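The values are calculated or read from the model by the stated rules, or taken from the named source; none is laboratory data. What you see is a predicted model, and the numbers here were worked out from it, not measured in a lab. When we count neighbours, we look across all protein chains shown, and the Cβ atoms used for this are built from the backbone with ideal geometry, even at glycine. Accessible surface areas use protein heavy atoms only, side chains included; no ligands, DNA or RNA. Shrake-Rupley method; radii C 1.70, N 1.55, O 1.52, S 1.80 Å.
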Amino acid sequence: MPLILPKSGEYAFEEKRSKFIGYCTPIDSEEGAKQIIAKIRVAHPKANHNVYAYCVNNIPRMSDDGEPQGTGGMPILNVYEKSGIINYVCVVTRYFGGTLLGAGGLVRAYSKAAKGAMDAAEPEALVIRKTFKVTCAYALLDKTKYNFDKLGFEILDVEYTSDCTLTMSITEAQLPQFMQEISYGYTATEIL
């Protein structure tokens with residue numbers, strides 16, 4: 001099951017006098033990712049590197065921003081892909097401390113900063129929901145609302161016409177129980 005970032009996260013540490021600051025943020029477009037990367041560059045004008053990786057709509061992008069090839073962007077991307085995170089941007093800012101870390105040291109440092117920022121954002125499972133319109137008679141409205149609420153189905157709206165139409169939001173996990181419940185005299189239509 002894919003995971004999402006419900007909020008932004010940040011994590012900083014030092015490695016052999018180099019300072020690494022990881023930032024991650026949920027995004028919904030490539031333009032949004034580019035804006036966040038630009039904002040972090042402006043916030044750290046004296047940083048030596050702003051390495052990043054992002055993925056939106058299953059299309060990954062990354063940059064080592066002057067670090068040796070494959071030591072920055074790819075490790076960040078790997079952290080998020082292995083975790084199952086979708087629609088994110090992660091930027092790791094590095095202030096060079098004077099000591100070379102080597103390729104392995106850079107991979108470990110960028111991975112650590114990316115993971116720390118991700119953990120700070122507290123990833124959670126992506127809940128896929130479906131929306132239905134359920135029609136019932138006025139006489140059944142109170143009982144229907146009570147039963148649906150008790151079962152954890154979210155009622156988004158109620159329309160009052162010749163009958164009552166409830167707009168419902170149902171998770172995929174609730175779908176079998178919902179289908180069973182509406183089979184008792186209700187009319188339901190899925191909204192795409």
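Placing unit charges on the Cβ atoms only, positive for Lys and Arg and negative for Asp and Glu, gives the chain a dipole magnitude near 900 debye about its Cα centre.
Less than 15 Å Cβ to Cβ from GLY152, Lys/Arg counted +1 and Asp/Glu -1: what total charge do the surrounding residues give?
0
Restricting the calculation to alpha carbons of region 95-192 gives Rg and Dmax of 24.3, 77 angstrom. Rolling a 1.4 Å probe over the protein chains gives LYS145 an accessible area of about 70 Å².
Computed on protein heavy atoms with a 1.4 Å probe, the accessible areas place TYR138, TYR23, TYR54 in the order TYR138, TYR23, TYR54, largest first.
Both numbers refer to the Cα atoms of the chain; Rg and Dmax are 23.6, 77 Å. Comparing PHE178, PRO2, PHE20 along the charge dipole axis of the chain, the residue lying farthest to the positive side is PHE20, per the Cβ-charge model. Partner lysines whose Cα lies under 23 Å from the Cα of LYS130, excluding those fewer than 8 positions away in the same chain, are identified as LYS143, LYS145, LYS150. Pairs from the list LYS7/LYS115; LYS82/LYS133; LYS19/LYS115 with a Cα-Cα gap above 26 Å: LYS82/LYS133.
Helix 141-150 and the long axis of the chain differ in direction by around 40°, with both axes built from C-alpha atoms. Here the chain exposes an accessible surface that is 52 percent carbon and sulfur, computed with a 1.4 Å probe and the other protein chains kept in place.
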